[in-house]
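The values are calculated or read from the model by the stated rules, or taken from the named source; none is laboratory data. All of these numbers come straight from a predicted model, not from anything done at the bench. Neighbour counts run over all protein chains shown; Cβ positions are idealised from the backbone, glycine included. Accessible surface is based on the protein model in full, side chains and every heavy atom, while ligands, DNA and RNA are left aside. Shrake-Rupley method; radii C 1.70, N 1.55, O 1.52, S 1.80 Å.
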Amino acid sequence: MDEEKIWNKVWLTDVYYFETIKSTHYCEVSTKNGTGKLHADIINLEKYLPKHFFKTRASTIVNLELIQRIDMERRMLYFAEQVFCTYAMNKTKEIKTLLRLHHYRNYKGESHGQGADITL
């Protein structure tokens, strides 16, 4: 449902993330076309989503396929220029594994030219 109380069909491939709206029975849905509300409990919602949706906090489920950038220091996932959310510290290792992130560094910390320290 959008701000004008109109229900819109949203494709899961367009959803960046779902986030619980505190003290309500709604989730905010952030999509490529904006944001809206969904009458749902995050725990039950998680059961119906495909495996590329991942629970990053107790209140947030993200679409791993749409993540563009990750700020490991601030624990931020970026989907588009102004669309981002945070993740719990205890999810860092699992996120790295699911997204196949590797930090390549030469033994003894020596760099060999450009691109020696790259996160993929």
In segment 45-93, residues that are polar (S, T, N, Q) and in contact with a helix residue (DSSP H, G or I) (Cβ under 9 Å, 6 or more places away or on another chain) total 4
Q.
On the basis of being more than 15 Å from LEU99 (Cβ to Cβ), touching a residue at least 12 places away in the same chain (Cβ under 8 Å), among the small types (Gly, Ala, Ser) and open to solvent by 70 Å² or more (accessible area, probe 1.4 Å), does ALA40 make the cut?
A. no
Among the residues of segment 52-98, the number that are among the aliphatic types (A, V, I, L, M), more than 12 Å from GLU19 (Cβ to Cβ) and either open to solvent by 50 Å² or more (accessible area, probe 1.4 Å) or more than 9 Å from the chain's Cα centre (by Cα) (or both) is 7
Result of the Cβ filter at 7 Å on segment 3-27, keeping first residues that are farther than 17 Å from LYS47 by Cα and in a loop (DSSP other than H, G, I, E, B) and partners that are modelled with pLDDT of 90 or more and of a type outside the set (S, T, N, Q), at least 6 apart or interchain, is VAL10/VAL29; ILE21/CYS27; ILE21/GLU28
Filtering segment 1-29 down to residues that are exposed (fewer than 10 other Cβ atoms within 10 Å of the Cβ) and among the hydroxyl-bearing types (Ser, Thr, Tyr) yields SER23
The one condition GLY36 fails out of (1) modelled with pLDDT under 90; (2) in a loop (DSSP other than H, G, I, E, B) is (2)
Residues of segment 39-53 being in a loop (DSSP other than H, G, I, E, B) and in contact with a Phe, Trp or Tyr (Cβ under 9 Å, 6 or more places away or on another chain), in sequence order, are ALA40, LEU49
